[in-house]
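Colleague: Before I ask anything, let me first share the structure, which is written out below as structure tokens.
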Protein chains: 2
Amino acid sequence: MILNLCMGGEFDFIRGLREKRRRRATPAGLALGIGDDAAVIRSSQARDTVVTTDLLVEDVDFVRAASPPALLGHKSLAVSLSDIAAMGARPRWALISLGVPRAVWRTNFVDQFYEGFFGLADRYGVALIGGDVSGTPDRIVIDSIVLGETPRGGAIRRSGSKPGEYIYVTGALGGAAAGLKIILEKGGLRKRSSARMARGLKLRQLRPEPRVDWGLLLGEQRLATSMIDISDGLSSDLGHLCRESRIGGLIQGTSVPVDSRVTEFYRDTTVDPLSLALSGGEDFELLFTVRKRNMPRLPTEVNGVTITKIGETTAETEGIRITYGKRVKKLAAWGFDHFKDR
Amino acid sequence: MILNLCMGGEFDFIRGLREKRRRRATPAGLALGIGDDAAVIRSSQARDTVVTTDLLVEDVDFVRAASPPALLGHKSLAVSLSDIAAMGARPRWALISLGVPRAVWRTNFVDQFYEGFFGLADRYGVALIGGDVSGTPDRIVIDSIVLGETPRGGAIRRSGSKPGEYIYVTGALGGAAAGLKIILEKGGLRKRSSARMARGLKLRQLRPEPRVDWGLLLGEQRLATSMIDISDGLSSDLGHLCRESRIGGLIQGTSVPVDSRVTEFYRDTTVDPLSLALSGGEDFELLFTVRKRNMPRLPTEVNGVTITKIGETTAETEGIRITYGKRVKKLAAWGFDHFKDR
């Protein structure tokens, strides 16, 4: 969804769109518009429908040579399932718009793409109900659309948190960014034992696992007050969540769950695993806030995926900060933006 | 939606997808899957939601130099509204995934694109509720998603017709194909008086008018037994409708409403206006079938758009035919297919 990619240029763009929308009469049946992981529409007295779309463009979002078609099919669906999970919703239906060059069409690309897509879709009972196909001059482009459902008013928004709540994250961070780094640097392994680790990290990038079950649990039991998926990077996405909730946040640097393979892989190098965990994107973990009194109701894990308390929400005026030992620093958002040079 | 572009290569692809889906358990809440203008999901006891997606790729679906951004914004929404209209549904919500090169992002392209988009959206009370933005290496790509609503079970499918019904089409045909021809041939006007006509025809290509009001009327009053929008061309789309309804069709060649500007513009040339009307695509008129006894209930026009009876449905074994004076010919489907050489 739109705000996942937003900072600077894109963020201004979204603000512009929101402004445009505000100047129009809010249509009946619309519960929530632009600016969350997914849009929410009121489809009946009992339920809301959430809908998200994610555009993946070759040489921007993926490199064809490094992305086997089945993994690309998986990832295309995964990024949208992650948006649905971040709304605390149950994914139900998917559509795929697929643009492929003629030469690719003649290969088994499309078959394998759908093998990967259905492998993930079937796991969560998501039905492919439509889509579009088009030729393209040279690059593959994929638009993934997923619709989900929540009980009426049950969607978890980015804007629902208040100061004095705990901040949690599912799983471990930095793996997808490390995987991308390894893919772009094409190997460069220093020792044989790294090969397996490198493969695991590359799969974190190429085959992300959306936290559908966690999202559902947090939504259904109304445990999360706000939620977002980590697609741009923890620092960026925390920024989005805090901005929408009009709060600040204090993160304990030592609590951030860095993927152990990242720490291991980059031991004795200048690469800082915590930096990758904070600013590398595409981990597709969930970042969410919980009222302190609800902490005991949180399970320790769901289907093998753990959660970690990484900090607390604060007043907006305190900004977003991170502790390193005794030092406290402002946490800058380094996430990914398509249109802003850093 | 997916079948709009389907013949040969793409059509085989859709059949493959359908087959894949059939082998899976039909999920609860799914009323109708792949293979119509839009997918239908049962969202409540009272209503169904229809959803469609259309991918537009630069240099395949449009030429940037010939497509002012506002017209592109209009057309992106129009093609999806046309799909919703073809289901007899009321359009409600839209999402847009927009991929643009950095250089284009820096211009007023996006602003103007949305001006055109909102111009059409507001006319039909459609709310933009989300989307995605991405950079692309060099070409613009747009995926347009529209959701609409019908009373439960009220969607008009391609498959609902039987032999012995009348076949109707809204508006006039061939204008969009003539417009494309003029754009691609860059002028070549033989006389001054043609300039205005050429502009009108180009606008039929660049600024199609979806027949939303007709679609709604035919759906709400249950007048159409089957319906499709003419995006590939009358002959192709009639083929899709007949295939889904398992019927044949007999078209009166002299009844096909050819855009009068096409006839005028190509007078004394070798270009055959009827050919453009039959096989040129993107007119985005509605093609539908009506039981003979319901004919008197049809209005003659809706908001200035007329309809024309062009033939009758027949048994499937009779195939799809067209009369030219006393001759009867098989009507071949010449429509647009991205992946089939003709």
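Colleague: What are the residues in region B:44-75 that are closer than 21 Å to B:Leu216 by Cβ and more than 8 Å from every other protein chain (Cβ to nearest Cβ), if any? Step through it out loud before you land on a result.
Modeller: First, the residues of region B:44-75 that are closer than 21 Å to B:Leu216 by Cβ: B:44, B:46-54, B:74-75.
B:Asp48, B:Val50, B:His74, B:Lys75 - these are the residues of region B:44-75 that are closer than 21 Å to B:Leu216 by Cβ and more than 8 Å from every other protein chain (Cβ to nearest Cβ).
Colleague: Tell me whether region B:279-288 contains one or more residues that are open to solvent by 40 Å² or more (accessible area, probe 1.4 Å) and more than 18 Å from B:Gly219 (Cα to Cα).
Modeller: Yes.
Colleague: Which ones in region A:149-187 are farther than 30 Å from A:Met197 by Cα and either of a type in the set (Val, Ile, Thr) or under 16 Å from the mean Cα position of the chain (by Cα) (or both)?
Modeller: A:Thr150, A:Ile156, A:Arg157, A:Arg158
Colleague: Ok, one more. Checking B:Ile167 against (1) surrounded by 23 or more Cβ atoms within 10 Å (Cβ to Cβ); (2) at the interface with another protein chain (Cβ under 7 Å from one of its Cβ atoms); (3) touching a Gly at 6+ places or on another chain (Cβ under 8 Å): exactly one of these is not met. Which one?
Modeller: Of the numbered conditions (1) surrounded by 23 or more Cβ atoms within 10 Å (Cβ to Cβ); (2) at the interface with another protein chain (Cβ under 7 Å from one of its Cβ atoms); (3) touching a Gly at 6+ places or on another chain (Cβ under 8 Å), the odd one out for B:Ile167 is (2).
Colleague: Pick out, from region B:1-96, the strands (runs of 3 or more DSSP E) lying fully within it that include 3 or more residues that are at pLDDT below 80.
Modeller: Where strands (runs of 3 or more DSSP E) fall fully within region B:1-96 and carry at least 3 residues being at pLDDT below 80, they are B:30-32.
This table checks each residue for (1) under 22 Å from B:Lys162 (Cβ atoms); (2) surrounded by 19 or more Cβ atoms within 10 Å (Cβ to Cβ).
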site	(1), (2)
B:Ile247	yes, yes
B:Asp259	no, yes
B:Glu264	no, no
B:Thr269	no, no
B:Gly311	yes, yes
B:Ala315	yes, no
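Colleague: Output the residues belonging to region B:218-245 that are within 21 Å of B:Thr306 (Cα to Cα) and either open to solvent by 10 Å² or more (accessible area, probe 1.4 Å) or among the small types (Gly, Ala, Ser) (or both).
Modeller: Residues satisfying the conditions are B:Gly219, B:Glu220, B:Gln221, B:Arg222, B:Ala224, B:Thr225, B:Ser226, B:Ser231, B:Gly233, B:Ser235.
Colleague: Looking at A:Gly99, A:Gly116, A:Gly131, A:Gly135, can you tell me which residue is within 21 Å of A:Glu58 (Cβ to Cβ), facing chain B (nearest Cβ under 9 Å) and in contact with a His (Cβ under 6 Å, 6 or more places away or on another chain)? Step through it out loud before you land on a result.
Modeller: On the way: A:Gly99 fails: in contact with a His (Cβ under 6 Å, 6 or more places away or on another chain); A:Gly116 fails: facing chain B (nearest Cβ under 9 Å); A:Gly131 fails: in contact with a His (Cβ under 6 Å, 6 or more places away or on another chain).
Within the list A:Gly99, A:Gly116, A:Gly131, A:Gly135, the selection yields A:Gly135.
Colleague: Checking the structure you have, find out if any residue of region A:64-80 is open to solvent by less than 10 Å² (accessible area, probe 1.4 Å) and closer than 20 Å to B:Ser44 by Cα.
Modeller: No, there is no match, as no residue in region A:64-80 is open to solvent by less than 10 Å² (accessible area, probe 1.4 Å) and closer than 20 Å to B:Ser44 by Cα.
Colleague: Next up: Test B:Ala155 against the criterion of being within 13 Å of chain A (Cβ to nearest Cβ), among the hydrophobic types (A, V, I, L, M, F, W, C) and touching an Asp or Glu at 6+ places or on another chain (Cβ under 7 Å), and give yes or no.
Modeller: Answer is yes for this residue.
Colleague: Further question on the same structure: Is there a residue being among the aromatic types (Phe, Trp, Tyr), part of a loop (DSSP other than H, G, I, E, B) and open to solvent by 10 Å² or more (accessible area, probe 1.4 Å) anywhere in region A:105-125?
Modeller: yes
Colleague: Sticking with this structure for a sec: For residues in region B:98-148 being among the acidic types (Asp, Glu) and within 14 Å of B:Leu55 (Cα to Cα), which is modelled with the lowest pLDDT?
Modeller: If we filter region B:98-148 for residues that are among the acidic types (Asp, Glu), which is where we start, we get B:111, B:115, B:122, B:132, B:138, B:143.
Pick out the ones that are also within 14 Å of B:Leu55 (Cα to Cα) and you get B:132, B:143.
Values: B:Asp132: 93, B:Asp143: 98.
Looking at the filtered set, the residue picked out is B:Asp132.
Colleague: What tally of residues in region A:76-96 results from selecting those that are of a type in the set (Lys, Arg) and within 10 Å of chain B (Cβ to nearest Cβ)?
Modeller: Summing the residues that are of a type in the set (Lys, Arg) and within 10 Å of chain B (Cβ to nearest Cβ) in region A:76-96 gives 1.
Colleague: Residues being assigned to a loop (DSSP other than H, G, I, E, B) and open to solvent by less than 10 Å² (accessible area, probe 1.4 Å): count how many of those fall in region A:127-153.
Modeller: Total satisfying the criteria: 1.
The values are calculated or read from the model by the stated rules, or taken from the named source; none is laboratory data. A quick note: this is a predicted structure, and the numbers were derived from the prediction, not measured. Backbone-built Cβ (ideal geometry, glycine too); neighbour counts: all protein chains shown. With ligands, DNA and RNA removed, areas are computed over all heavy atoms of the protein, side chains included. Shrake-Rupley method; radii C 1.70, N 1.55, O 1.52, S 1.80 Å.
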